[in-house]
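Asks: One structure coming up, written as structure tokens, with questions to follow.
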Amino acid sequence: MLTFEDFNSALESLELENKPAIAHASLKSFGAIQGGAETVLNALLTSVSGLMMPTFTYKTMIAPEVGPPNNGLDYGKQRDLNRMAVPFRYDMPVDPLIGMLSETLRQAPDAMRTAHPILSFAGIHVGEALVTQTIYSPFTPIGWLADKAGWVLLLGVGHTVNTSIHYAEKMAGRHQFVRWALTRRRVVECKYFPGCSDGFEAIRPDLEDVTRRVEVGDSFIEAIPLHSLLQAVETRIQEKPLALLCQRKECERCDAVRAVVRGYA
């Protein structure tokens with residue numbers, strides 16, 4: 001069974017220089033952990049100057065019958081999901097797809113959470129980053145971390161869950177989307193919603209020289225300098241505008257990006 005000391009020692013070996021970080025995690029990949037998610041959270045907080053994680057809430061999303069063209073959305077076919085949508089609340093649990101560590105961070109007494117109804121972030125000692133987020137700039141907290149020489153930490157997960165790549169896509173000029181969310185007062189239009197992330201693992205070879213990795217239990221922790229990640233993604237997309245798109249058939253968002261690049265939209 002893994003302990004706090006195991007995670008703390010592994011994180012120390014990555015030499016994170018007491019900088020802020022954004023983390024993504026699948027704790028199941030590590031096997032048994034004494035103390036569970038709280039143990040991992042405490043180890044992270046001893047290794048970085050501030051910690052941020054996504055606390056996204058997809059259950060708030062609804063879709064109209066009609067909307068903007070080339071928006072990666074099949075209008076009129078979301079009625080069942082619309083009926084299940086619930087208004088965003090500041091204390092709404094994190095979507096299960098994001099993971100237990102994010103939910104544990106959200107519930108921490110000294111954590112701060114943003115109020116974006118779909119793409120919120122929570123963090124400890126990164127308040128200056130979190131307050132930069134607006135409804136029209138959902139990923140600016142990542143830019144703040146990059147300016148502070150921050151890190152991306154991947155705990156048992158790959159780049160397909162690496163939210164920072166979405167920020168780099170926007171910086172590179174990639175086509176963005178519009179989504180809508182329920183709040184207690186009204187439906188909110190959320191611009192600059194990101195595309196599909198299923199193809200993001202293709203960026204790994206570009207990051208080999210800057211990625212630090214350590215094995216922990218049945219899994220691993222990887223650390224990538226955030227500035228290097230953003231620069232690598234921007235460069236790849238600018239050189240190859242279709243880079244990092246997925247190859248799934250009928251992926252609406254990736255197909256929408258391809259249509260823009262090829263001049264069909």
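The values are calculated or read from the model by the stated rules, or taken from the named source; none is laboratory data. None of the values given here were measured: they were computed from a predicted structure. With ideal geometry, Cβ positions are generated from the backbone for all residues, glycine too; neighbour counts draw on all protein chains shown. For accessibility, only protein heavy atoms count, side chains too; no ligands or nucleic acids. Shrake-Rupley method; radii C 1.70, N 1.55, O 1.52, S 1.80 Å.
Asks: Does segment 142-156 contain at least one residue that is under 21 Å from L230 (Cα atoms), among the acidic types (D, E) and at pLDDT 95 or above?
Replies: yes
Asks: Moving on. Can you tell me how many residues within segment 237-261 are in contact with a Leu (Cβ under 8 Å, 6 or more places away or on another chain) and either open to solvent by 50 Å² or more (accessible area, probe 1.4 Å) or under 30 Å from S9 (Cβ atoms) (or both)?
Replies: Within segment 237-261, residues that are in contact with a Leu (Cβ under 8 Å, 6 or more places away or on another chain) and either open to solvent by 50 Å² or more (accessible area, probe 1.4 Å) or under 30 Å from S9 (Cβ atoms) (or both) number 2.
Asks: Take the conditions surrounded by 18 or more Cβ atoms within 10 Å (Cβ to Cβ) and more than 15 Å from the chain's Cα centre (by Cα) and apply them to L154. Does it pass?
Replies: Details: surrounded by 18 or more Cβ atoms within 10 Å (Cβ to Cβ): yes; more than 15 Å from the chain's Cα centre (by Cα): no.
No: the conditions fail for L154.
Asks: Let me confirm something: among Y167, Y264, which residue is open to solvent by 40 Å² or more (accessible area, probe 1.4 Å), among the hydroxyl-bearing types (S, T, Y) and over 30 Å from E15 (Cβ atoms)?
Replies: Numbers: Y167 fails: over 30 Å from E15 (Cβ atoms).
The unique qualifying residue is Y264.
Asks: So, of the residues in segment 10-36 that are among the hydrophobic types (A, V, I, L, M, F, W, C) and within 28 Å of F193 (Cβ to Cβ), which turns out to be surrounded by the fewest Cβ atoms within 10 Å (Cβ to Cβ)?
Replies: Initial filter on segment 10-36 (among the hydrophobic types (A, V, I, L, M, F, W, C)): 10-11, 14, 16, 21-23, 25, 27, 30, 32-33.
If we keep only those that are within 28 Å of F193 (Cβ to Cβ) as well, we get 21-23, 25, 27.
Working: A21: 25, I22: 28, A23: 25, A25: 27, L27: 19.
Once the filter is applied, the top-ranked residue is L27.
Asks: Here are the criteria: (1) surrounded by fewer than 16 Cβ atoms within 10 Å (Cβ to Cβ); (2) farther than 20 Å from A108 by Cα. Tell me which single one A63 does not satisfy.
Replies: Status for A63: all satisfied but (1).
Asks: Looking only at segment 104-136, filter to residues that are part of a strand (DSSP E or B) and open to solvent by 10 Å² or more (accessible area, probe 1.4 Å); which one of those is farthest from E189 (Cα to Cα)?
Replies: First pass over segment 104-136, keeping only residues part of a strand (DSSP E or B): 112-113, 121-124, 134.
Right, trim to open to solvent by 10 Å² or more (accessible area, probe 1.4 Å) and you get 112-113, 134.
On the way: M112: 23, R113: 20, T134: 12 Å.
The extreme case among them is M112.
Asks: Residues of segment 104-124 being free of Cβ contacts under 8 Å to residues at least 24 places away in the same chain and of a type in the set (A, V, I, L, M, F, W, C), which ones? Give the steps one after another, and end with the answer.
Replies: Let us first name the residues in segment 104-124 that are free of Cβ contacts under 8 Å to residues at least 24 places away in the same chain, namely 107, 109-112.
Once the filter is applied, which keeps residues that are free of Cβ contacts under 8 Å to residues at least 24 places away in the same chain and of a type in the set (A, V, I, L, M, F, W, C), segment 104-124 yields A111, M112.
Asks: Confirm whether A181 is surrounded by fewer than 18 Cβ atoms within 10 Å (Cβ to Cβ), touching a His at 6+ places or on another chain (Cβ under 9 Å) and of a type in the set (G, A, S).
Replies: On the way: surrounded by fewer than 18 Cβ atoms within 10 Å (Cβ to Cβ): no; touching a His at 6+ places or on another chain (Cβ under 9 Å): yes; of a type in the set (G, A, S): yes.
Against the criterion (surrounded by fewer than 18 Cβ atoms within 10 Å (Cβ to Cβ), touching a His at 6+ places or on another chain (Cβ under 9 Å) and of a type in the set (G, A, S)), A181 does not qualify.
Asks: Let me ask another. Out of the helices (runs of 4 or more DSSP H) lying entirely within segment 1-103, which hold 1 or more residues that are in contact (Cβ under 8 Å) with a residue 40 or more places away in the chain? Quick ask: steps written out before the conclusion?
Replies: Working: elements: 4-13, 36-47, 79-84.
In segment 1-103, the matching helices (runs of 4 or more DSSP H) lie at 4-13, 36-47.
Asks: Please enumerate the residues belonging to segment 205-228 that are within 14 Å of N162 (Cα to Cα) and open to solvent by 10 Å² or more (accessible area, probe 1.4 Å).
Replies: Taking segment 205-228 as the starting set, the residues that turn out to be within 14 Å of N162 (Cα to Cα) are 207, 211, 221-228.
Answer for segment 205-228, where residues must be within 14 Å of N162 (Cα to Cα) and open to solvent by 10 Å² or more (accessible area, probe 1.4 Å): T211, P225, H227, S228.
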